[in-house]
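Q: Quick one: this structure, given as structure tokens, is what I'll be asking you about.
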Amino acid sequence: MKNGTTATKSTKKIGAVIGEYGAFIALIVLVVLLSAINADFRQPSNFTNLLRQATFNGLIAVGMTCVILSDGIDLSVGSIFALSAIICAKLIMVGVPAVLCVLIALVAGTLLGGVSGVLVTKGRLQPFIATLITMTAYRGLAMIFTNGKPISRLAESISSEGGSFFFKALGKGNLAFSSNTGISFPIPAFILILVFVLFYFILNRTTFGRRIYATGSNAKCAKLVGVNTDQVKIIVYCISGFLSSLAGLIMISRVNSAQPTLGDGFELDAIAAVALGGTSMSGGRGKIIGTVAGVLIIAVLNNGLNILGVTSYYQDVIKAVVILVAVLSDSKR
Amino acid sequence: MNIEMRGINKSFATNQVLKNAGFDLKDGEIHALMGENGAGKSTLMKILTGVYSKDSGTILVDGKEVHYKSPQEAEKAGIVFIYQELNVLFDLTVEQNLFMGKEITKGFGLCDRKAMCKKAQEIMDRMGVHIPVTAVMSDLSVGQQQMVEICKALMVDAKVLIMDEPTAALTQSETEILFQVIQSLREKGVSIVYISHRMEEIFELCDRITILRDGEYIGTRYIKDITMDDVVRMMIGREIGERYPKRDVEIGAEVLRVEGLTHQKLFRDVSFTVHAGEVLGVSGLMGAGRTEIMQAIFGNLPVVAGKIYIDGVEVKIHNPRQAIAAGIGFITEDRKTEGLLLEKSVEENIEIANLGKTSRKGIRSKSLRTKLVKEAIEEFHIKCFGPEHECNNLSGGNQQKVVLAKWIYTEPKILILDEPTRGVDIGAKKEIYSVINDLAARGVAVIMVSSELPEVLGMSDRIMVVHEGKVTGIINSADADQEKVMTLATGGCLA
Ligand SMILES: Nc1ncnc2c1ncn2[C@@H]1O[C@H](COP(=O)(O)OP(=O)(O)OP(=O)(O)O)[C@@H](O)[C@H]1O
Ligand SMILES: [Mg+2]
């Protein structure tokens, strides 16, 4: 009898673990599968490459997680990505020091996100509508500022040596762990990991994190126990804007040019990553760890299917199927 | 239709909530189901109607064994359940709610709105309630929403009607109408299961009573053969003693003074004071504006005029945060939508109101949190599997204790309780009264809004009566009685 109950308990536990880490299990299965069938995929250099590719979606998805946890959604991330990149590029072209350009662009990105937050709280717009508006407006502004043309040769336009080095390092740099073995780690991937850790900490260990969850779970109740729900909402959109612009700056450093069409459709990959990670679209429930897995799954799929030479039309269909399977198997839906 | 449930067992995860439970329902009787919060009344009825599946046991309907797999199936068989938690579509109109899933159509799926409105109006008239059928649900009071739910059940040709605490949010007159409806249904041969914590109602209305304790069947009696004390003893297994525990507190200085508080339409010129260690009962009919006055004091409802003084100093309160900072705590009447993060655990609910106490410099502390929550669960006798228990799955009374606990740990100077014992069993009620007394003894100024007159009379030092948004009188409870309060509550004057 006693044995019986412990047995059911442990199977229940296994069930819970699969439910909790379903996205990770899917990720591991994918990696093992791709490694088994393709030699190029399993190269260590491919993994650092993969992380580098995951940076953009990863940063944006972290912000998106915060917004969705608070019962919102942010469609404007791709436009903020582009607009803050354009702002940075423009400033570089007029000769502002590179460090300053980056800082100003980050502040701009944060404020652009904040505008959505204000529309949602003070303007009482639904998050979908509010960010649809900002998404459209910011994309339009990016076009106006550039006349629709790319701004290129950014690094070369920076006069100071240090500034140019800083700008290039942001997207292309490596952290060399030891010069003789040649093992190195891409700076963007390093930034991504830092952001993941930081937000894991914020969401789980800080009172602000609790307030985000409470706001998303039941804003009325949260407000009555003294949570400033408007403030929480505005801050999560600021966070989303900040991280989107950080991703945009890393992008222009990588490609050394800024186009107004950058980041088009990025909101969809970010939302997909969050959903893959098991975060509830109605707020209040979800984990940053899930988002990490979601981001990696999408990155592995993109990378792996490319290496396998699958054409992009098929890639999209396969991605859709993986997302469907993962979300369906999520026990906490 | 008669029903027999025997030897029902049910566990959620590893916790057994029903042990050999059961009851039997005869044709055309009103059968009360009583028991403490968490005794398993709602669960037993959910098993009958196929919301949950039983682990073992038999259910016989008219002598034949049945296994309803869903509430729809039970409804087809004529068994209708009106849930304790309202199950309404808030964005739709009364008529749309009534006909959801059974729309009258003109063919091709086209709704015949006229016919539905007409039929809805007929049912409303038969119930004697005056709710416009085109009104949107969310604009109605909780009591009105409850009435709509009851109407919905009356629309299908029910042979068995299960009502889980139907009067918890009803006004006196609505309750009377409901009782008439229930009695006329019985005359038509409908059997009714009536779950309530209000002893007086059960003795007025029911034919037989079955008592559950900790998920076990204790016994069934004819109401005419039993007294209220017997019921209490069967329910909790011991004597409860005085229903309203005595309080011996020196009333101190004035803590809260409200002057001329006026809302655009809901209330006007409300003035009163509360002193340290005092319990001010607030009475009135449902919809008189009591809740709204309290919401306004707490900064959750804007006012056009009025001043609030705390400890003699004027304070400006525009939102709940400022109210909390000024030392006010507020327990809402609507614990489902405002009082709790329902999908979150007991622990998270207590933590969110006490973030300051459970963290250091904005960083959450596991040890502080665990300690506080453990203390709360013990002190308030919250019946749950542990701090992780999701509030959704707590019984109604235990949910209320969680709300109470989370506020009391914020150590307010002034605590406003709006219907604190709604849906709470007799033992837990007494616990809540003791908590109120303890607070008063600690010098907290307590404001208790309640629709249960005996409770207001038994617990208050003074009673403020509100009628249609105006304070019609503030009387010492020593000089008060049921009649005086009702006179004021209906707008009359004391001679
Ligand atoms: N879905 C569920 N999952 C886990 N536990 C549950 C669930 N539903 C009910 N319980 C537990 O079962 C017990 C009985 O609950 P139930 O709601 O039947 O009590 P009740 O007698 O109706 O109480 P009340 O008078 O407070 O409404 C409680 O301890 C409750 O926490
Ligand atoms: Mg119940």
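The values are calculated or read from the model by the stated rules, or taken from the named source; none is laboratory data. Because the structure is predicted, anything quoted here is derived from the model rather than measured. With ideal geometry, Cβ positions are generated from the backbone for all residues, glycine too; neighbour counts draw on all protein chains shown. Areas reflect the complete protein model, heavy atoms only, side chains present, ligands, DNA and RNA absent. Shrake-Rupley method; radii C 1.70, N 1.55, O 1.52, S 1.80 Å.
Q: Where the only charges are on Cβ atoms (+1 Lys, Arg; -1 Asp, Glu), what is the dipole of the protein assembly as shown about its Cα centre, to the nearest 20 debye? Intermediate values should be presented prior to the final figure.
A: Values: 86 positive and 82 negative charges, 620 e Å.
Its charge dipole is roughly 2980 debye.
Q: Let me ask another. Go through A:122/B:114; A:122/A:149; B:361/B:401; B:119/B:383; A:220/B:26; B:429/B:484 and tell me which ones have a Cα-Cα distance over 32 Å in this structure. Display every interim value, and only then the final one.
A: Details: A:122/B:114 40 Å; A:122/A:149 35 Å; B:361/B:401 29 Å; B:119/B:383 44 Å; A:220/B:26 44 Å; B:429/B:484 25 Å.
A:122/B:114; A:122/A:149; B:119/B:383; A:220/B:26, as the Cα separations exceed 32 Å there.
Q: Give the Cα extents of the protein assembly as shown along the principal axes, in whole Å, largest first.
A: That gives 94, 68, 61 Å along the principal axes, largest extent first.
Q: About the Cα centre of the stretch A:2-332, what is the dipole size in debye to 20, counting +1 per Lys and Arg Cβ and -1 per Asp and Glu Cβ, all else neutral?
A: 900 debye
Q: Using the heavy atoms of the protein chains alone and a 1.4 angstrom probe, what is the accessible area of the protein assembly as shown per residue in square angstrom? Please list the in-between numbers first.
A: Numbers: 36260 Å² over 828 residues.
In whole numbers, the protein assembly as shown has 44 Å² accessible per residue.
Q: With each label point set 7 Å from Cα along the Cα-Cβ vector, what nm distance links residue A:36 and residue A:308?
A: Placing both labels 7 Å beyond Cα along the Cβ direction yields 1.2 nm.
Q: Please compute how much accessible surface disappears when A pairs with B, both sides summed, using a 1.4 Å probe, and round it to the nearest 100 Å².
A: Values: alone 16480 and 22070 Å², together 36260 Å².
The contact between B and A buries close to 2300 Å².
Q: Would you calculate the volume per residue, in Å³, of the smallest convex hull containing every Cα atom of the stretch B:344-438? Can you show the working numbers first?
A: Numbers: hull volume 9.3 nm³, N = 95.
Expressed per residue, the convex hull around the Cα atoms of the stretch B:344-438 is 97 Å³.
Q: Under 15 Å from the 7 Å Cα→Cβ point of residue A:204, by amide nitrogen: which residues of the stretch A:293-331?
A: A:293
Q: Note the direction-averaged projected area, equal to a quarter of the hull surface, for the Cα convex hull of the stretch A:234-333, in nm².
A: Values: hull surface 31.2 nm².
Projected area, direction-averaged: 7.8 nm².
Q: Got a sec? Charge dipole of the protein assembly as shown, +1 on Cβ for Lys and Arg, -1 for Asp and Glu; which of A:268, A:22, A:35 is way out at the positive end?
A: Among A:268, A:22, A:35, the one farthest towards the positive end of the dipole of the protein assembly as shown is A:35.
Q: At q = 0.14 Å⁻¹, what log₁₀ I(q)/I(0) does a Debye calculation on the Cα points of the stretch A:56-195 give, no solvent, two decimals?
A: Each listed q corresponds, in turn, to -0.77.
Q: Something else: In deg cm²/dmol and to the nearest 500, what is the mean residue ellipticity at 222 nm of chain B if only DSSP H runs of at least 4 residues count, each as -39500 (n - 2.57), divided by the residue total? Don't skip to the end; give the middle numbers.
A: Numbers: 16 runs with 160 residues, N = 495.
Counting only the DSSP helices, I get -9500 deg cm²/dmol.
Q: Taking beta carbons within 10 Å but only from partner chains, what does the mean come to for residues B:90-96? Before the final figure, lay out each step's value.
A: Numbers: counts 0, 0, 0, 0, 0, 0, 0.
The per-residue average across the peptide is 0.
Q: Give the Kirkwood hydrodynamic radius (Å, one decimal) of the stretch B:213-323, defined as one over the mean of 1/r across all pairs of different Cα atoms.
A: Hydrodynamic radius (Kirkwood, Cα only) of the stretch B:213-323 equals 17.8 Å.
Q: Taking Rh as the Kirkwood radius computed over C-alpha pairs, what is the Stokes-Einstein D of the stretch A:114-230 at 25 °C in a medium of viscosity 0.890 mPa s, expressed in µm² per second? Working shown, then result.
A: Values: Rh = 18.8 Å.
It diffuses with D of about 131 µm²/s by this estimate.
Q: Would you mind computing Rg(Cα) / (2.2 N^0.38 Å) for the stretch B:1-122, counting N as its residues?
A: Against the empirical 2.2 N^0.38 Å value, I get 1.30 for the stretch B:1-122.
Q: For the stretch B:313-328, which residues drop by 50 square angstrom or more in accessible area between the chain on its own and all protein chains together (1.4 Å probe)?
A: Residues meeting the cut-off: B:321.
Q: On to the next question. Less than 11 Å Cβ to Cβ from residue B:35, Lys/Arg counted +1 and Asp/Glu -1: what total charge do the surrounding residues give?
A: Taking every other residue near residue B:35 into account, the sum is -2.
Q: Would you kindly calculate the mean projected area, averaged across all directions, of the convex hull enclosing the Cα atoms of the stretch B:132-185, in square nanometres? Please report the intermediate quantities before stating the final value.
A: Details: hull surface 16.2 nm².
Projected over every direction and averaged, the Cα hull of the stretch B:132-185 covers 4.1 nm².
Q: Based on Cβ point charges of +1 for Lys and Arg and -1 for Asp and Glu, what charge dipole magnitude is obtained for the stretch A:97-250 about its Cα centre, in debye rounded to the nearest 20? Kindly include the intermediate steps, with their values, before the conclusion.
A: Numbers: 13 positive and 3 negative charges, 114 e Å.
Its charge dipole is roughly 540 debye.
Q: With label points built 7 Å along Cα→Cβ from the Cα atoms of residue B:64 and residue B:434, find their separation and express it in nm.
A: Spacing of the two 7 Å Cα→Cβ label points: 5.1 nm.
Q: Give me a comma-separated list of calculated 3J(HN,Hα) values for the stretch B:176-188, in order, Karplus coefficients 6.51, -1.76, 1.60 applied at θ = phi - 60°, integers in Hz, x for any Gly or Pro.
A: 4, 4, 4, 4, 4, 4, 4, 5, 5, 5, 4, 4, 7
Q: For the stretch B:65-198, list log₁₀ I(q)/I(0) at each q in 0.10, 0.13, 0.20, 0.21 Å⁻¹, using the Debye formula over Cα point scatterers of equal strength and ignoring solvent, two decimals each.
A: Debye curve over Cα of the stretch B:65-198, log10 I(q)/I(0) at q = 0.10, 0.13, 0.20, 0.21 Å⁻¹: -0.32, -0.55, -1.30, -1.41.
Q: Moving to a separate point now. Could you give the radius of gyration (one decimal) and Dmax (whole number) of the Cα atoms in the stretch B:403-495, in Å?
A: Looking at the stretch B:403-495, its Cα Rg and Dmax stand at 14.0, 43 Å.
Q: In whole percent, and with a 1.4 Å probe on the protein chains, what portion of the accessible area of the stretch A:2-332 is carbon and sulfur?
A: Numbers: 10010 of 14950 Å².
Carbon plus sulfur share of accessible area: 67 percent.
Q: Same structure, new question: Which distance in Å, rounded to a whole number, links the C-alpha centroids of the stretch B:1-52 and the stretch B:284-339?
A: 40 Å
Q: Would you be so kind as to identify which of B:472, B:450, B:482 lies farthest towards the positive end of the dipole of the stretch B:418-495, taking Lys and Arg as +1 and Asp and Glu as -1 on Cβ and the Cα centre as origin?
A: The Cα lying farthest towards the positive end belongs to B:472.
Q: May I pose another question? Just give the residues from the stretch B:362-386 buried by at least 30 square angstrom of accessible area in the all-chains context relative to the isolated chain, probe 1.4 Å, and say none if nothing qualifies.
A: Listed by number, the residues meeting the 30 Å² cut-off are B:362, B:363, B:364.
Q: Write down the radius of gyration of the stretch A:108-170 and its Dmax, each obtained from C-alpha positions, in Å.
A: Rg then Dmax for the stretch A:108-170, in Å: 16.7, 48.
Q: Taking Cα atoms, how many degrees apart are the long axis of helix B:142-155 and the longest axis of chain B, rounded to 10 and kept between 0 and 90?
A: Result, in degrees: 0.
Q: Test of understanding: in a Gaussian network model of chain A with alpha carbons linked when under 10 Å, which of A:62, A:115, A:29 would top the mean-square fluctuation ranking?
A: In the Gaussian network model the winner is A:29.
Q: Here's a follow-up. Note down the Stokes-Einstein diffusion coefficient of the stretch A:2-332 in µm²/s, whole number, using a Kirkwood radius over alpha carbon pairs, 37 °C, and 0.692 mPa s.
A: Numbers: Rh = 20.8 Å.
Result for D is 158 µm²/s.
Q: Dividing the alpha-carbon Rg of the stretch B:264-303 by 2.2 N^0.38 Å yields what? Display every interim value, and only then the final one.
A: Working: Rg = 11.0 Å, N = 40, 2.2 N^0.38 = 8.9 Å.
Expressed relative to 2.2 N^0.38 Å, the Cα Rg reads 1.23.
Q: Mind checking which of A:201, A:112, A:318 is farthest towards the positive end of the protein assembly as shown's charge dipole, using Cβ charges of +1 (Lys, Arg) and -1 (Asp, Glu) about the Cα centre?
A: Comparing the listed Cα positions along the dipole, A:318 ranks first.
Q: Here's a follow-up. Could you state the orientation-averaged shadow area of the convex hull built on the Cα atoms of chain B, in nm² to one decimal?
A: Details: hull surface 101.7 nm².
Directional mean of the projected Cα hull area for chain B stands at 25.4 nm².
Q: Still on this structure, I have one more. Only protein chains counted, 1.4 angstrom probe. Which residues of the stretch A:188-207 are at least 30 Å² less accessible in the assembly than when their chain is isolated?
A: Going by heavy-atom accessible area, the residues of the stretch A:188-207 that drop by at least 30 Å² are A:205, A:207.
Q: Moving on to the next point. Given contacts defined as C-alpha pairs under 8 Å and at least six residues apart, what's the relative contact order of chain B, whole-number percent?
A: Values: 978 pairs, mean separation 78.9, N = 495.
It rounds to 16 percent for chain B.
Q: Still on this structure, I have one more. So what's the back-of-envelope 222 nm ellipticity for chain A, counting only DSSP H runs of four-plus at -39500 (n - 2.57) apiece and dividing by all residues, rounded to 500? Let's see the in-between values first.
A: Numbers: 14 runs with 250 residues, N = 333.
The per-residue figure over chain A is -25500 deg cm²/dmol.
Q: Residues in the stretch A:108-133, backbone N under 17 Å from the label point at residue A:94 (7 Å along the Cα-to-beta-carbon vector): list them, ranges by number please.
A: Correct set: A:108-109.
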